[in-house]
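The values are calculated or read from the model by the stated rules, or taken from the named source; none is laboratory data. These figures come from a predicted structure and were not determined experimentally. So basically every Cβ, Gly included, is an ideal-geometry build from the backbone, and we count neighbours across all protein chains shown. The area values use the complete protein model at the heavy-atom level, side chains included, leaving out ligands, DNA and RNA. Shrake-Rupley method; radii C 1.70, N 1.55, O 1.52, S 1.80 Å.
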Amino acid sequence: RDMDLAASIQKVTEEIMLRSARYVHAQTGMKNLCLAGGVALNCVANGRVLREGPFDDIWIQPAAGDAGGALGTALFIWHQLLAKPRTPQRTDSQRGSLLGPRYDDDEIEQFLNSVDAPYTRINDDQQLCDSVADHIASGKVVGWFQDAMEFGPRALGARSLVGDPRNPNMQTVMNVKVKFREGFRPFAPAVLREKASEYFDVDSAQESPYMLLVAPVREEKRRPLGPDELTRTGIDKLKTVRSVVPAITHVDYSARIQTVDSERNGIYHRLLQAFEQKTGCPVIVNTSFNLGWDPIVCTPKEAYGTFMASDIDVLCLGHFVLTKVAQPAYVPQGTAAPVDAILKDVWCSPNAGGELRIAGDRIVCTRSERTFPIEDGIPQLFWPHESISASTDVTEMVKSFYEETPFPNYDDHDSVRSLIEKSRRGQYARVLDESIPYNSRVLEVGCGTGQLTNFLGISCRRVIGTDMCLNSLRLAEQFRREHDLNRVRFVQMNLFKPCFKPEQFDVVLCNGVLHHTADPWGGFQSIARLVRPGGHIIIGLYNKYGRLMMDLRRTLFRLTGGRGKWIDAYLRSRKMSAEKQRAWFNDQYRHPHESKHTIGEVCDWFDRCGLEFVRGVPSVTPNGDGLGRGNLFEPTEQGSKLDHFLVQAREVITGSREGGFFIMIGHKPANETAWNMNGSTNGAAHTSDLVKAPEVIHA
């Protein structure tokens with residue numbers, strides 16, 4: 001139904017444009033037509049106007065949408081108000097629409113060095129194009145950043161993602177792994193102008209420099225379809241290889257072409273020539289250099305961020321080439337968990353601290369010979385702490401609770417795109433993602449079903465999620481496997497008996513876990529030692545004052561058997577599935593154990609562990625900015641006891657909306673001796689190898 005509606009709207013639009021063109025021609029008798037306005041970006045309709053309309057030639061303003069109004073205003077002032085003469089020219093006065101900002105090699109190199117990015121510099125243009133053409137021909141997705149940025153909505157070879165059109169999987173790879181959107185969305189070909197008529201049914205003199213015309217793929221370049229292929233309908237039609245360039249061929253054998261010439265496009269033209277020399281094909285896939293929800297990148301910083309936040313394989317910034325393989329956090333696709341680089345350098349036996357080795361489907365401690373099973377790809381390294389059997393310990397009770405009701409739960413049909421959208425809608429998760437540097441090593445303790453872990457691992461970081469509940473971890477691992485999040489791993493672990501060596505992680509996250517243990521302070525000590533010098537720890541707890549209203553509601557729900565859930569502001573304001581609603585309600589109101597804490601108490605924990613206070617979310621001072629402006633790790637004032645009292649008094653009302661949850665962030669100094677669990681020092685600190693990422697994150 002949706003496809004039929006879209007096709008009908010498109011058909012009507014084409015007929016309206018054709019009739020309008022014929023009417024204008026009848027009234028004016030002119031031979032050439034100029035188009036602008038948002039509908040002029042409809043390339044299929046433009047192609048029909050050119051082929052079936054009465055005009056000899058048409059020209060479409062490349063920024064034909066609302067942005068083009070700026071160009072029209074400038075021209076109106078120049079020619080009408082200032083009476084400057086209009087002199088028509090045969091050449092393209094819009095200079096290929098490459099009218100935006102330009103960055104030279106010195107600026108690019110300065111940025112790359114500032115983020116400690118590994119790169120190769122290739123000064124010779126031909127060698128650069130040959131190298132990038134080799135990457136394209138080998139099936140890589142390349143981010144291409146050159147010259148001045150395009151004016152308008154189309155990537156025209158200055159801020160483009162390029163790939164091999166002969167690869168039948170390229171369309172899906174670019175959509176799903178880079179754009180994070182539906183795999184059926186089409187891509188356009190960039191073709192050498194002098195070779196366009198060999199591949200597409202256009203006149204040899206026809207230009208389409210702005211990717212605004214659709215033309216049929218020539219008959220001799222099409223592939224004959226078999227009987228079963230001819231009967232396919234709907235989305236299944238997209239799985240059919242229809243030509244020698246399937247990645248850019250639509251189901252009706254058309255393509256939205258961009259003709260590339262040396263006058264407008266310079267080095268981009270040379271790239272296509274290099275690709276043709278290597279493959280015999282003068283066509284490449286060209287789409288805009290951006291993630292599915294972002295505008296086209298403009299600066300080197302934005303290009304690098306997009307490269308690191310997706311599965312783009314190669315980035316060419318001016319004369320600098322970066323590869324994903326060279327990134328410290330890189331993990332090859334298809335690497336099997338758990339025996340890989342993500343775990344082998346950081347894990348150890350939770351009972352004896354010895355090295356771990358793999359023996360079939362089990363893990364063996366080399367020191368104690370104790371074995372641990374691997375189930376569903378999840379190493380089961382849970383080891384009980386000394387007091388776990390004591391009457392005061394709640395570990396087994398809490399573990400049983402979450403085994404029965406995993407939290408948070410996934411929605412039906414969750415995808416990487418939906419996970420990103422949900423995470424970015426929550427301000428904390430979005431700012432967290434923007435703050436944690438690329439290529440860093442991250443540990444989430446008490447990850448539940450791993451939604452935050454999986455989200456943070458989409459970007460180029462190595463992220464490990466741990467929890468004591470195997471059912472929750474199975475959901476996390478299932479999502480990870482289904483969506484090939486190869487830099488993410490999950491491990492079953494007791495936070496009081498970590499299975500990791502000290503000082504291994506740039507960031508340690510522990511949101512909403514410590515207050516469900518019998519000894520929050522002891523648990524904090526245990527995980528704080530996992531932070532490397534220069535790294536950060538983020539913990540989330542229930543605030544003693546912000547939880548008061550929740551306690552009142554809990555009493556009411558207990559008396560009424562759980563009825564009247566509408567009085568909870570969170571449940572009232574959020575749309576979620578019945579399963580997710582049940583999981584959240586049980587976690588907040590039926591949990592078997594929770595403790596509450598104050599700002600001052602956590603500040604004392606930081607002091608006792610030698611950690612510097614960074615910030616609180618919400619802010620620990622009345623006028624502070626809890627989430628910060630772009631970087632959670634930017635230090636803020638710790639405030640006085642009076643500040644903490646005022647903030648927490650306000651939390652009685654405002655905190656109840658989010659369950660009285662608050663976050664505290666600490667920093668382990670890089671220039672001091674490292675702290676261990678006993679409070680003593682263990683020699684010189686290790687210098688953190690963190691790199692500072694562009695500012696780019698509430699779970």
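Are any residues in the stretch 305-335 of a type in the set (Gly, Ala, Ser) and either farther than 19 Å from PHE145 by Cα or not in a loop (DSSP other than H, G, I, E, B) (or both), and if so, which ones? GLY305, ALA326, ALA329, GLY334 - these are the residues of the stretch 305-335 that are of a type in the set (Gly, Ala, Ser) and either farther than 19 Å from PHE145 by Cα or not in a loop (DSSP other than H, G, I, E, B) (or both).
ARG51 satisfies every condition listed in (1) open to solvent by 80 Å² or more (accessible area, probe 1.4 Å); (2) of a type outside the set (Ser, Thr, Tyr); (3) part of a helix (DSSP H, G or I); (4) at pLDDT 90 or above except (4). Of the residues examined, ALA341 is one that is closer than 20 Å to PRO498 by Cβ, open to solvent by 20 Å² or more (accessible area, probe 1.4 Å), more than 20 Å from the chain's Cα centre (by Cα) and not polar (S, T, N, Q).
Only a single criterion out of (1) in a loop (DSSP other than H, G, I, E, B); (2) touching a helix residue (DSSP H, G or I) at 6+ places or on another chain (Cβ under 8 Å); (3) over 30 Å from VAL245 (Cβ atoms) is not satisfied by ALA83, namely (2). Counted as qualifying within the stretch 176-268 are the strands (runs of 3 or more DSSP E) with 2 or more residues that are among the polar types (S, T, N, Q) and closer than 24 Å to ARG51 by Cα, namely 254-260. Is it the case that VAL251 is touching a helix residue (DSSP H, G or I) at 6+ places or on another chain (Cβ under 9 Å), buried (at least 18 other Cβ atoms within 10 Å of the Cβ) and within 20 Å of ALA188 (Cβ to Cβ)? Judged against the criteria, VAL251 is not a match.
Counting the residues of the stretch 1-42 that are among the charged types (D, E, K, R) and assigned to a loop (DSSP other than H, G, I, E, B) gives 2. Quick one: in the stretch 460-480, of everything that is outside any strand (DSSP E or B) and under 9 Å from CYS447 (Cβ atoms), which residue is modelled with the lowest pLDDT? Result: SER472.
GLN89 meets the conditions (1) part of a loop (DSSP other than H, G, I, E, B); (2) over 23 Å from THR259 (Cα atoms) in every case but one. The failed one is (2).
Any idea how many residues of the stretch 399-450 are of a type in the set (Ser, Thr, Tyr), modelled with pLDDT under 90 and assigned to a loop (DSSP other than H, G, I, E, B)? So the answer is 3.
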